[in-house]
Structure formats: C-alpha cells, structure tokens
1. Checking the condition assigned by the TED database to the domain that holds D:V57, among the acidic types (D, E) and more than 29 Å from B:A149 (Cα to Cα), which residue from D:D29, D:D39, D:D11 passes?
2. Could you please find all residues in segment D:200-230 being more than 19 Å from C:T288 (Cβ to Cβ) and touching a residue at least 40 places away in the same chain (Cβ under 8 Å)?
3. In the list C:D95, C:D55, which residue meets the criterion of being surrounded by fewer than 24 Cβ atoms within 10 Å (Cβ to Cβ) and free of Cβ contacts under 8 Å to residues at least 24 places away in the same chain?
4. Pick from D:T202, D:T156: which is outside any loop (DSSP other than H, G, I, E, B), over 23 Å from the mean Cα position of the chain (by Cα) and at pLDDT 95 or above?
5. Only one of (1) part of a helix (DSSP H, G or I); (2) in contact with a strand residue (DSSP E or B) (Cβ under 6 Å, 6 or more places away or on another chain); (3) not assigned by the TED database to the domain that holds D:E313 fails for D:G170. Which number is that?
6. With a cut-off of at least 1 residues that are within 14 Å of chain D (Cβ to nearest Cβ), name the strands (runs of 3 or more DSSP E) lying wholly within segment B:262-333.
There are 4 protein chains.
Amino acid sequence: MRIGVLTSGGDCPGLNAVIRSVVHRAVVDHGDEVIGFHDGWKGLLECDYRKLDLDAVSGILARGGTILGSSRVQPAHLRDGVERAKGHLAELGLDAIIPIGGEGTLKAARLLSDGGLPIVGVPKTIDNDIAVTDVTFGFDTAVGVATEALDRLKTTAESHQRVLIVEVMGRHTGWIALNSGMAAGAHAIVVPERPFDIEELTKQVGARFEAGKKFAIVVAAEGAKPRAGTMEYDEGGKDIYGHERFAGIARQLSIELEQRLGKEARPVILGHVQRGGTPTAYDRVLATRFGWHAVEAVHRGEFGMMTALQGTEIVMSPLAEAVETLKTVPDARYAEAECVL
Amino acid sequence: MRIGVLTSGGDCPGLNAVIRSVVHRAVVDHGDEVIGFHDGWKGLLECDYRKLDLDAVSGILARGGTILGSSRVQPAHLRDGVERAKGHLAELGLDAIIPIGGEGTLKAARLLSDGGLPIVGVPKTIDNDIAVTDVTFGFDTAVGVATEALDRLKTTAESHQRVLIVEVMGRHTGWIALNSGMAAGAHAIVVPERPFDIEELTKQVGARFEAGKKFAIVVAAEGAKPRAGTMEYDEGGKDIYGHERFAGIARQLSIELEQRLGKEARPVILGHVQRGGTPTAYDRVLATRFGWHAVEAVHRGEFGMMTALQGTEIVMSPLAEAVETLKTVPDARYAEAECVL
Amino acid sequence: MRIGVLTSGGDCPGLNAVIRSVVHRAVVDHGDEVIGFHDGWKGLLECDYRKLDLDAVSGILARGGTILGSSRVQPAHLRDGVERAKGHLAELGLDAIIPIGGEGTLKAARLLSDGGLPIVGVPKTIDNDIAVTDVTFGFDTAVGVATEALDRLKTTAESHQRVLIVEVMGRHTGWIALNSGMAAGAHAIVVPERPFDIEELTKQVGARFEAGKKFAIVVAAEGAKPRAGTMEYDEGGKDIYGHERFAGIARQLSIELEQRLGKEARPVILGHVQRGGTPTAYDRVLATRFGWHAVEAVHRGEFGMMTALQGTEIVMSPLAEAVETLKTVPDARYAEAECVL
Amino acid sequence: MRIGVLTSGGDCPGLNAVIRSVVHRAVVDHGDEVIGFHDGWKGLLECDYRKLDLDAVSGILARGGTILGSSRVQPAHLRDGVERAKGHLAELGLDAIIPIGGEGTLKAARLLSDGGLPIVGVPKTIDNDIAVTDVTFGFDTAVGVATEALDRLKTTAESHQRVLIVEVMGRHTGWIALNSGMAAGAHAIVVPERPFDIEELTKQVGARFEAGKKFAIVVAAEGAKPRAGTMEYDEGGKDIYGHERFAGIARQLSIELEQRLGKEARPVILGHVQRGGTPTAYDRVLATRFGWHAVEAVHRGEFGMMTALQGTEIVMSPLAEAVETLKTVPDARYAEAECVL
C-alpha cells in the first residue's frame, strides 16, 4: 500500500512520534510505502511531499515539533480543495491519507472523507477537547510543563507574600488549568466552562490570607471569563498595529485581585512553552499507539474514522462524531479539584 | 466521621498526594476528623498514630515518600491481627480505615474487611499490575524516570557503539519495561509475561548491526526470564552473607549478548530511583482523585471496595476482585511495541 | 557565638541552602546559636525572629524560596534604621549578622557595617551582576530554566515557521540572556549593555530566512533597548490603574520584526518562573559553600566583608567593593556568543 | 585554514556542543574548512572523516553523545601512530587538529604535539580530574543527574527507613561524589582521595539513627576504598566469563553497614546514565566557549596547548602541564562538605 501522512494545526508534543510509528508499522511490518506531505494540508493541495523511510524517522521519537512542518491551511476553505486533493491522491497512487491534527483538521478530514477520500485521522490537541477519545497526546506534556512552572512559582509566592495568577492554555476548555492546578495544589482555578464571579473568587483567595497563609496561586485558563456583569472585562482585541492587545485574563485578574485584596498580585503567562519540546513518556506511548492503529485501520479499510483512546484500548471512532461536540470539563471533575483548593 | 488512613508496602510517588486529598476532602468538605497510622498496618496494630489536620498535609502534594512512613507488616500474618485491629478501631472511635497500598496491602484489606472492618482501599503500585483499575498512581512517574534514563543512555550507546541492557522494575509484569521501552524507542523489550528465546533476541539485536546501526538498547523487566532450556540462567539467590547475589537479568543478558554478537554489551540497573521522588502531574492528579473518592465511598458506606480508574472515571471496585488476578501485559500491547523496535 | 541570619530582596533559588549551611556549620561544628529574622531587614528592625536549630532547616536544601520570608524593606531608608538595628543586636546578644541578598541588601549591609554592626554578607542575585564574585547562586538555575524553555520553544518555532522573541530576566545586565541564548543556540541575543540597532537585528534574523531556514529565536533581556533613534520604543509605564503597562521589549520586537520581515513573530515572556523553585546542583553547592564560609568569617571576626567565588575558591571580599560597580557583560563574552548565532 | 576535529574516549555531555562551536567559529567567522574524523584517533589514523559544514552541525547543540563517534584507540600505543597521523595531516592539507578528550586523549595529543603536529586540545571529562582547568564540560551534567537521582532516593529512604549507598562515577577522584553529595544533602560521602575507616563511617551513619532519624544516604565514588586493614574488600575483578564481577563499593558497603548497624541497607549504582544525554546549560556554554577559543588558538598558531577555564576566563594552557597531575579533591573542599552531613 501507499500511505500519505501529514501534520496540521498548532504544535503539539508527540507529532513526530506518530509519524515515526506510522512509518515503522507500515514500512517494516506491512511493506507499505509512506510519503509525508509538507506543511499540513498545504502539502497535499500543492503536491509537496517527500518519501518517509526508516532513516527519515530515525531519532525523532523524543523530538518536539514535526519533521513535516505544519500550517493552518484547511482544504475545505478552498473552493476546489476537495477536488484537488482527490486529484493528487490519484496521481500519487495513494491508498490512504493519515492526517494528524486538531479539531479544525479533523473537520477538514471529515469533509474530504465525505467527498470520497480514504482517510484515517489521528486526533491531536494539547487542549484535550476532542470528544470520543479519553485523552490525546500532547495534553500530558502541556500539563506537565504547566505543573513544573507552578511548582517553581509557588516557592516564590510563598516567600514573597503575593498572589500569582498563572495563565495556562485553553481557549475553550479548562482541562490544562484543571489538571495542572490540581497537580500543583493551586488555590483557585478558573476555566471557560464556568464563568467566575469575581466577588466569590476574591472571597476564596482572601480566605487563605484570613487563615494566616501568606500567598495564593490562581490558575486561569486563557479562555476563562467573568460571569456577565460581575466585572469589567477587556477582551483584548487588536492594537493600532493590528496585533493582539495582550490584555488577557491573568493581567485583568491580577489588577482586580490586587485592588480587592490589598495584596500584591502578579500575572504570569506561560504561553507557547506548553506546546513545544520533548513529549512525556505518556504522550510518546499514546502517539506511538495511535500511529500503529491508524495503519491497521488503513489496512482494514476502515475509513472516515479516527483513532481514540477508551480506557486502555485504542479504538476507531467515526470522524463525524469526533467533531460534533467539544469535550468540556464536567462539573464533577471541577468539584474534585475544589477539594484541594 | 472519624477516618484512619495508612500507607503500606514499598515506596510509590503519589502516596502523600492521596493522604493530602483524603484530609482536604474529609476535613474541609465533610468536617470529618482524620488520623494517620504510622508505618502502615503496624501503626494500626500498635495504635501508633497522629492527627492529620490541614497543617499536617501542607506542602506535601509534590513530595515523594509518605509522611506516615510505611512497613511491610501484614495484619493477616499475625494470629490476632484482625482482632487487634478491630479493637483499636473501636477504641479510637473510627468509622472507616483507608489503607493505601499494593497487592499485599489490598489482600490484607480484604481480610480485614471480611472480618467486619469498614475499609475503603486505595490501590498503589508502580508496577501497574492491579487488575480492575486502568492504572495506578506511581506508574507514570516510574515510566517517566526510566524513559529519561533511557534517553540519556541512548546517546552514549550510539556514540560509543555498544549494546546496553537496561533493567527496569517489574518482577511479575512488564508494564514499566513495555511503556518506557516504547517511549524511548528501545530495540528489544523483554518482560516476565513472555519468556524470551536468547537466539531470537540475539537475532533481533544483531539485525540492527547488520543494517548498519552501531548500537542497540534492550529494556529488560527485572522479572524477565529466558524460555526454559534456551539459556543458562542464574537466579541469583543469596550470597555467603545472606544477601542477594546481584545476578539479575541485565547482567546475564549483557554477558550473553556480548558473546553471541561480538559487540561490547553493558548492563545498567536503574533500581530504586524509579520508585521515589516527586510524582508526575499525571500521578498527582490520579492520587488526588483516588483520595477524594475514597472519602466519598466512606460517606456512602461503601466498604470492602477500592478506588479504581476506568477510562476517565473513578469508580469503586470490590477488593475481592482487585486481588484475584495480576494484570499482565497482553499480547496485543506487546505487539504494538514491536512496531517501534 | 550567637549569629543572626536573614534573607532580603527578590526570590532566588538557593536561599534555603545558605540558611541550612549557616546553621549546620555554626551549630554542629562551632556550637553556636543561630536565629533567623523574618522577612529580611524588617525582622531585624522589628525584632521578629525565631531560633534556627537543625530541625528547623531539615529538608530545606532543595526547596526554593526562603523559610525566613523576605521583603524589600531597607534599613538605610529609615531615619533611625541603623540605630534600631544596633539596639536589637545588643538586646539579642548577637555577635554577628549574616544578611543574604542582592545589590540593595549588600548596600544596606555596608551602611550598617560602616555604622559599626558586625556583618558578613552573602551575595544573592539571579542576574549575576554583582562584581567581585565570579557568579552567585540562583543564576545557574535561572539560566537552566530559561534554556529549558528555549529548547521547548525551538521545536515549535521550527515546525510552525515563525520568529519567537523570548524575554528573559535582566533589567540592567544581559547575563541570563547571554548564557541561555548561547546554551539554546538562539539566533540573536539583545542585552541592556549593547543597545541594538533594529535594522541590523532585522538583517541578522532575515539572513536566516534567506539561507532557507524557516524560523528564528531571539532572546531579549528585559532591559534590552534599541539604540537611540533607531526605533520607536514604548517604555511601558503605568496604565490607568497605576499598574505596569506590560509593554516590554519582547512585544515591541515581535511587532517590529513581524512588520519588517513579513514573518509571523510572537513574544514569550518567561517571567517569575526563572527565579523560583528547586535550585540546580551547582547552585546548591555554591550556596552551601557561601554559608559555610560566612560562618568562618564570623568566627575570624572578618566583618564588613562578603563571600565571593573566585575560580574554585571562596574568598572574602569587602562589601564596599562589591557594591561599587555592576558586573556587565563584556564585549568579549558577547563576541563568543555571536559565533553560535 | 583547514581544521580537523575529533572526539575520543568515553561519552561526555557537551561533545557535540564543542564540535558545533568549532564549526561555527571557523566556518562562519574565519571562512575555514572543517573536517571531522570518525571514532576518535582511529579516524585520523585510518583517514576516515567527513566534511563538517553548518548543516552538519545543525540541531546538535543540546544532543548528548558525539556525531563523530568515539573510540579508545590511542595513536601513541601504535608503533607508527605519530608518523601515520603526520602523513594524513599532510595528505589532507590540515593546518591543525582539535582533539576533544580526557586524560588519555590529552596525553596522546601531547605526544603528537611533541612529534610536531599542530594541535590544540579541548579537555573533556565528567570526572573533573584534569588539572589546570577549573572545570570541564560534562561534569555539571553528571553532578546534576546524580543529584536528581539522590533527591528521588532520599524520599524512599526516609519513608521506608533504610540506608542507601549510592555509587556515583569517579574511579580516581571524588568530585562527582563530593558535589552531588553536597547538593543532595548526603549524610556521608566516601571518595578515593580519602580511604575511609569503616568503623568511623558506621559511627557517623549510626549517629543519625541515635539522633532519632530514620534513614541515611551514603554517596560513594566508585573508586572509594576502605583504609587498608579496616575492612575486607573485594576488588571485584573478572568472573569466569572474563567480565567484571560487579562487586563494587556500594554493594560492599551495603553489606557492611547492614551488619554493623542492624538496619536495612541497599546499594544503588547510578552507572552510565551520568555520562549521557542532553548537557546542562552550564556545560553547553562552557563547551561552546572551549570550541570558540580552540579555533582562535589555531588562528594564533598557539599549538601544544589546550583550552582551560580559569575563573570566568578561557585561557590556553600547555598540554604538558595538563596531564602531569590528576586534580583531586583537596581536604578543604571535603571539609566544607562535612558541615552538611
């Protein structure tokens, strides 16, 4: 068989591990040929690719990023995207395409699949917001990086008596905030799923100081927002250069909490460091298993599906289902975190 | 309510996180009282304990070890163990005991439970060999430590052209070997579940050298053994001082592979470093959730049960089932690992 | 003897290691008594302290922060600061004070010493800007944290084709930028000591893209500034709430470079994570040696001095000299870094 | 100019950083040509090499091992080694050779230099035993790895009440033992420079238990030995297969201390993990500076010298001096470590 693989969307630790696993399983065990498209869907649309043999994937298992490059180009956004993709597929004699990507990529994959292309998706997101799969690779690394940073920040906050508001990734869901906050013993966690009441938050943080504690750590998902009407909130938006205004929830909260509590408060924005670099062992194993099972699905002709982790098993799940809903933090999980606050 | 907690058996990253979570949930949310028995079951049998309030568990979330100490004493081994435990329970006015421990501890917990004590267990093992739960805390940390060591060793092996046989923990099961080997891209993995054929192993490792590669990494679970009759194997045993002979599978394999391949081969035994120190974020979250749900089970009166992870949910599972079978590496998982070899 | 110790100024990994070492050397080896003042000079001025015995410093060697707390209060700023300090010294029967702190703290120490107090200083700064000593503890940890972040960011930049401008600590000197940039293989480093020319910087970064590379990493010390007249530069200042405007060199550079290069550019501000958490082994050893030698100096009656590393030796250096000049990055060191750009 | 570079001897984190730095400085800044010999001196003797341009060293800065490979072949051991080396130098039109290696390599370098070859050495050893230079790259990484392992082991020892004897690298000198022991707060450190008295060591460790502590960590350099006549000591030697007997100081000590103290004692041998993998920021900076200055020395025609760190400066030091004496742990440094025991 001849299989094409591509990585699309933002960076995510484990992409290279999937690519490597696809090549190992396909080439060594099945005798397939594998090609890798450059820069995501763009490579497919422009027929820009290279052959991936064992040497091409040697030594990449633990490396961050993706040797294939990525972009945010989505074929579905192009008028003739599906047709061009189909044309190149035929031209290159490909039996299947394995796109590795997040929500946008999987939506595109579904459209191409609906359009008749033989596709097996591999879900990727540090945000852990893809339904159907218990978790995706990249998330564990992101949580680990955030937790390590929180561990470091805690000693500073403690010795120097301040409130730190630490902004972690998560525009639509609060999974990274929840798990890193829980792992590091944060004293408050705010997530997009549950707009916060600034007065309650102030009370919660203030209670620590009343109990004689000298510092507090608040973890805020970047998409966390105040409950409507409880706090003036600057959405940020563009500045005069057309760039993000760098407002951000952590900065707003640090201003609010400092004023309300009368304690020094400082924002820390962890940023891109959460989505790059060497993946944790957990993510490498999951990514490797996803790659392995994607190749198996190709050989079984199970198209229009994507790999998913359910319990300890890798199963195949319809692309259609995967992109229907965003997996958000349920109340029960949030409640568990509160016990450690 | 009044709850007793204890940690028993070998060290495991995350023990303190469970203790802390039990105290937070019980004391803060339920208004319970919590006491901690010292040195495992020994503390219960000898009525040696201390009160655990919020201050007592402050700052322990990320710390390895257990503030309560541990021992390998098992009440079931003592003639009047169950009776003494019962007596102390009544004396102290305890409504429940939450023992945190591995297979032996859970077996003891079951016996005590059968004897009428109100027990909710929390499973603990770096080996991941407890059935019913998808995984236990400590395992992720152990795999992470082993993977980091393998990452380091790989560059040495590569530059200096040798075979390294790296022994990781796992007397009865190969989970740590499987996952760390997969995560680090080992070239062969041997586990207790599948006695190896030394000739096949030699062939597998030798194939790398024939393909022009200059090094190989073999990961061996400490309990891995050759298939009967394929290789002389020294079980180790005691030396003249009555101590372990420090034979070990890695040393045996390094001798065998060096002779058979004509390549320098060296053993590395990772040892206790795998079971100590600060837990990963993953393990801290899991441990915290286990603690939370153990307290909930106590309040619901669900005794004779233990916490378990199934998919993304924490469920309660009968102690009886938990200790019935050892969770071993299934062939399907082993096959997945082979694709990266 | 009776010795007082205090920690003053911003957080710095290794503070606890110094405290512990002072206590070990003084109490165990000399039979001294040690007390620790709370929250820096404030504790001395308000006679707020506690006894430090072996138990008090048990387990703190690897912990970030300071068990004594810190503040930015400087006795010299107070009208009767020196007199009050002297009074409390006599009252408590102290033979010496060991203040651990940065430039401001050492200046205060000098004033107190000039005023007749028996003082042996221990220099502390993550910025490495204290003359006389080759290096201070905390710096290695800060560089290590920044380098690890840069390692992570590099893979993202590479895969996703962008320019990342990473802001590291260093208001007055570029040591952290220099060493972390050199360690991580940054493609440009800007430091306060050498105002940059935005056109030259653009050319330097642009040259990479012309050579076919797809990304670039610029490390900017927070105090780096454009050469006068070469670029509009917003100093930040206060916003309407009276808080910092969060302008910052990384943000400005990302806007400038994006416009000039026509490549996506993003700022990353590492922030407080550089100055907290567990110290590296290097910093723990240096901090421990500083503490040991400070006690020795006290016993030799060498006051008005501070510990310093020169080569591999710890020597005593006059406080007067220490605070005279800031240790800046010399041209020769900057030139070495350019070779790897 | 045309420069040859090679790496010889055991693995050491930072080798690739030196190679990269040599290439960057020579090729980019001086317009030189650089070739790399494969597998140490062997490559020079067999004229086995490859060209090293910027692409060849791209991405290797943070990678452990050496892209050039290494071996323990020493030209001086060969009858016509010097002549063959000279012949190949002329044949290849090389103006200089930069060998990167430890004591043996530098001795060979000196012999070749005495024989008239234009050589600038770069010292390399994780053991820190090369005189003249304050420190060499690789040492900081080794100490860091050992310290991290000790941090992990400490929590296990504490919770489970045992003595752990941790063997770290250092056959002839105790630098790694000294610094990692000091950094991790070991309770006893034994080094080759000071043969220990087993009775004193027992007393020292025993004192902890008498003081109510429940565990102890002993760090032993692999070359540490008992004072003659104080303890039976098995040197190890070869077993029937001709392999090392795996005796080792940690195992002997664990047996002795267990018997004498009546406490469970266990050996942990850290092994090769100390000498591989990604270098610390400190080592990357030092290695980069060494490479840079080696090229400068070549251009100044300063042959027969090697790079050395003195204080914060890189200086050139005669090869002759470098190999004359081993840098051992002086009593004063050992005394500093005792204060933390």
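The values are calculated or read from the model by the stated rules, or taken from the named source; none is laboratory data. Bear in mind that the values here come from a model prediction, so they are computed numbers and not experimental data. For neighbour counting, all protein chains shown are included, and Cβ atoms are generated from backbone atoms with ideal geometry for every residue, glycine included.
1. After applying the criteria, what remains is D:D29.
2. D:L201, D:T202, D:V205, D:G206, D:F209, D:K214, D:F215, D:A220, D:E222, D:G223, D:A224 - these are the residues of segment D:200-230 that are more than 19 Å from C:T288 (Cβ to Cβ) and touching a residue at least 40 places away in the same chain (Cβ under 8 Å).
3. Exactly one of C:D95, C:D55 is surrounded by fewer than 24 Cβ atoms within 10 Å (Cβ to Cβ) and free of Cβ contacts under 8 Å to residues at least 24 places away in the same chain, namely C:D55.
4. Result of the check over D:T202, D:T156: D:T202.
5. Failed condition: (1).
6. Working: elements: B:265-269, B:305-310, B:313-318.
The qualifying strands (runs of 3 or more DSSP E) are B:265-269.
Conditions (1) more than 24 Å from C:V273 (Cβ to Cβ); (2) free of Cβ contacts under 8 Å to residues at least 60 places away in the same chain; (3) outside any loop (DSSP other than H, G, I, E, B), marked per residue:
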site: C:I19; (1), (2), (3): no, no, yes
site: C:A26; (1), (2), (3): yes, no, yes
site: C:G36; (1), (2), (3): yes, yes, yes
site: C:D39; (1), (2), (3): no, yes, no
site: C:R50; (1), (2), (3): yes, yes, yes
site: C:L68; (1), (2), (3): no, no, no
site: C:V82; (1), (2), (3): yes, yes, yes
site: C:L89; (1), (2), (3): yes, no, yes
site: C:I100; (1), (2), (3): no, no, yes
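Rundown of residues vs (1) at pLDDT 95 or above; (2) away from chain B (no Cβ under 14 Å); (3) farther than 14 Å from D:I100 by Cβ, yes/no style:
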| position | (1), (2), (3) |
| --- | --- |
| D:V23 | yes, yes, no |
| D:V28 | no, yes, yes |
| D:G36 | yes, no, no |
| D:D48 | yes, no, yes |
| D:V57 | yes, yes, no |
| D:T66 | yes, no, no |
